[in-house]
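For reference, the structure discussed in these notes is given below.
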Amino acid sequence: MCGKLILLSVAMTSHGKFHLRMVLIGAAAVTATLFALRVAAQGSPQLVLPEDQATRVSDHVYAIMGFPNVAIVVGERATLVVDTGLGPRNGAIAAREAQKLAKGPMLYLTTTHYHPEHATGEGGFPPNTIIARPVAQQKELEERGMRFVEMFSSRSAQMKELLAGVKFRAPGITFEKEMTIDLGGASARLFWMGQAHTKGDELVDVEADSTLISGDVVQNKVAPNLPDDNASMKSWVEILSKLRGMTWQHVLPDHSAPGDGSLVEQDYQFFSVLQSRGLELKKRGEFPDHAGEILFAEFKMKYPDWQRLNAIPDIVKRIYAENP
Ligand SMILES: [Zn+2]
């Protein structure tokens, strides 16, 4: 928790208006509150990243809370941006925010996975930005990146406008499993552990701050998002099981509020129990549809405040298919 104390709490009045009340909480809690406020106020996150509202997660790490949460890691010599926002206009916002916080001249960019809100803002970054990502993610981006751009563009006029003319840039650096960028006074370890939400999910460890920038791999109370056959529940559970062996004080997910290291264990418990319950029901001979109904009901009772619970029937089908 950062030392800076800020007085803020937010409550919705019966008239649906936001009411701000002052209480004593730390900076991490403020970041979480602002995230909740942005999402609650709009029903869904705004597609354009907010300017001049980067919040501090830890000594060297800042976050632009939006779609997605964009992390900015600031060293004495170089700055690293993690994820771009949707399309070049958002990428330019993320780059500007990074430049406002930067202490040194060099700018690095990496992406937690290839989906449009994470990677299509590359074009808005200055030409000398050094782009780095895992080989598995780069391959996936080349194979499926434009397909997702088209899919997102068909969702709304605003998405279409933000994604107009998107072209992916060639990365300056690709790596197999991990690489460390020395930013000056702090370093960022970019690492890939295998298939989870996508084949190329990347996480970033800022060891000096005990901060994990977790992409989609670790979220704050969000059921697994398995968008297509490049996702794997089985491999995701294995990754969470390995992450449990490491400890962080701060975790910044890309689509939910930041939290502490307990987010890893919280996700592991949800994911691994969902998988093992699915396998039990399969062994018992339940049809996948029925198993999905049973586990949806069970998890709604046990995790009432989690998002995406209605995806559980599809996740259960996936668990059946991945374990023939
Ligand atoms: Zn995604």
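The values are calculated or read from the model by the stated rules, or taken from the named source; none is laboratory data. Because the structure is a prediction, the values reported are computed rather than measured. Note that each Cβ is placed from the backbone with ideal geometry, even for glycine, and that neighbours are counted across all protein chains shown. Heads up: the accessible areas ignore ligands, DNA and RNA and are worked out on the full protein's heavy atoms, side chains in. Shrake-Rupley method; radii C 1.70, N 1.55, O 1.52, S 1.80 Å.
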**Message:** Of the residues Phe271, Phe296, only one is more than 16 Å from the ligand (Cβ to nearest atom), at pLDDT 95 or above and open to solvent by less than 30 Å² (accessible area, probe 1.4 Å); which?
**Reply:** Phe271
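Could you check, for the range 235-244, whether at least one of its residues is within 22 Å of Val316 (Cβ to Cβ), in contact (Cβ under 8 Å) with a residue 12 or more places away in the chain, open to solvent by 10 Å² or more (accessible area, probe 1.4 Å) and within 16 Å of the ligand (Cβ to nearest atom)?
Within the range 235-244, one or more residues are within 22 Å of Val316 (Cβ to Cβ), in contact (Cβ under 8 Å) with a residue 12 or more places away in the chain, open to solvent by 10 Å² or more (accessible area, probe 1.4 Å) and within 16 Å of the ligand (Cβ to nearest atom).
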**Message:** Tell me whether the range 175-184 contains one or more residues that are among the aromatic types (Phe, Trp, Tyr) and either touching a strand residue (DSSP E or B) at 6+ places or on another chain (Cβ under 8 Å) or without any contact (Cβ under 8 Å) to a residue 12 or more places away in the chain (or both).
**Reply:** yes
**Item:** Matching residues in the range 254-309 - criterion: being in a loop (DSSP other than H, G, I, E, B) and within 18 Å of the chain's Cα centre (by Cα)
**Value:** Asp254, His255, Ser256, Ala257, Pro258, Asp260, Gly261, Trp306, Arg308
**Asked** If you go through the range 195-231, how many residues are within 16 Å of the ligand (Cβ to nearest atom) and either in a loop (DSSP other than H, G, I, E, B) or among the charged types (D, E, K, R) (or both)?
**Response** 22
**Prompt:** Under 6 Å by Cβ, and 6 or more places apart or on different chains, what pairs join a residue from the range 106-122 that is under 13 Å from Gln138 (Cα atoms) with one that is open to solvent by 10 Å² or more (accessible area, probe 1.4 Å) and within 12 Å of the ligand (Cβ to nearest atom)?
**Reply:** His115/Phe148
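Quick check on the range 148-161. Is at least one of its residues away from the ligand (no atom under 15 Å from the Cβ), over 22 Å from Arg96 (Cα atoms), open to solvent by 50 Å² or more (accessible area, probe 1.4 Å) and not in a helix (DSSP H, G or I)? Talk me through it step by step, then tell me what you get.
Within the range 148-161, the first condition is being away from the ligand (no atom under 15 Å from the Cβ), and the residues that meet it are 150, 153-154, 156-158, 160-161.
Then keep just the ones that are over 22 Å from Arg96 (Cα atoms); that gives 150, 153-154, 156-157, 160.
Right, trim to open to solvent by 50 Å² or more (accessible area, probe 1.4 Å) and you get 150, 154, 157, 160.
Next cut, not in a helix (DSSP H, G or I) only: 154.
There is at least one residue in the range 148-161 that is away from the ligand (no atom under 15 Å from the Cβ), over 22 Å from Arg96 (Cα atoms), open to solvent by 50 Å² or more (accessible area, probe 1.4 Å) and not in a helix (DSSP H, G or I).
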**Asked** Which of the residues belonging to the range 112-127 are within 10 Å of the ligand (Cβ to nearest atom) and part of a loop (DSSP other than H, G, I, E, B)?
**Response** Thr112, His113, Tyr114, His115
